[in-house]
1. Can you tell me the order of 11-19, 67-75, 140-148, 51-59 when each peptide is scored by its average per-residue count of other Cβ atoms within 10 angstrom, highest first?
2. Give the calculated FRET efficiency between ASN140 and LYS85 to the nearest 0.05, with a Förster radius of 25 Å applied to their Cβ-Cβ distance.
3. Return the long-range amide H neighbours of PHE46 (sequence gap of 5 or more, or a different chain), with a cut-off of under 5 Å between placed amide H atoms.
4. Holding the Cα-Cα limit at 25 Å, pick out from LYS70/LYS91; LYS4/LYS74; LYS59/LYS91; LYS6/LYS74; LYS4/LYS36 the pairs that are longer than that.
5. Check VAL141: other-chain or 5+ apart residues with amide H under 5 Å from its amide H, H built from backbone geometry?
6. Please compute the net charge surrounding ILE15, taking Lys and Arg as +1 and Asp and Glu as -1 over other residues with Cβ under 9 Å from its Cβ.
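We did not get these values from a lab; they are worked out from the coordinates using the rules stated. Keep in mind that what you see is a predicted model, and the values were worked out from it rather than measured. Methodologically, a virtual Cβ is constructed for each residue, glycine included, from the backbone with ideal geometry; neighbour enumeration extends over all protein chains shown.
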Amino acid sequence: MRGKPKYYWCSCAFIRWLRGDNYNPGELEGFQEIVKQVEKNRAVLFTSALTKSEVLEGKMTQDQRERFAKLFQKRSVVLVDITDKVLTLSKEIREWNSKISTPDAIHLATAILYEAEEFHTTDGGGKRKRAGDLIPLNGNVAGHRLRICIPRADQYGLLTGVDSLPIDIEKKRGS
């Protein structure tokens, strides 16, 4: 039997979930669904230690800060240290694409090394496109396979009683 799915969230995923911003239909619900799965211990959510610094430096309400701290108290939420291996791979990623920021390269390297099934982000999911966007890297990050997407709430779970799963942004657009 397969283990629990392992999802990696970069800082912008946490920020989107905490703020409740819903720029695209179904986007916020997708992040909320992942949190529900984690709270039910049906999935593992992990992120780099860098995330705490990036998220907490932004403007947040006390309630948002408390929700962030409470999520990290769950056994199925893991904070990963920045190791030499992570730094080495992040350097390789930046050499492969110099437009990727150092923090984003650290996030990508952590997700690859700790074998995320999906890397959840909003970086590159909006109308404004930049050379360092992450979603366009879906499937190939410096020769490493990594699925990069925005988690989307799936109506399938409402019809069958099965909990919904994230859907790749490209599949959603194609349906």
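1. 11-19, 140-148, 51-59, 67-75
2. Details: r = 20 Å, r/R0 = 0.80.
After rounding to 0.05, the efficiency reads 0.80.
3. So PHE46 has HN proximity to TYR7, TYR8, TRP9, VAL78.
4. LYS70/LYS91; LYS59/LYS91
5. Those qualifying (amide H under 5 Å, at least 5 residues apart or on another chain) are LEU146.
6. Details: positive: ARG16, ARG19; negative: ASP21, GLU54.
Surrounding charge for ILE15 is 0.
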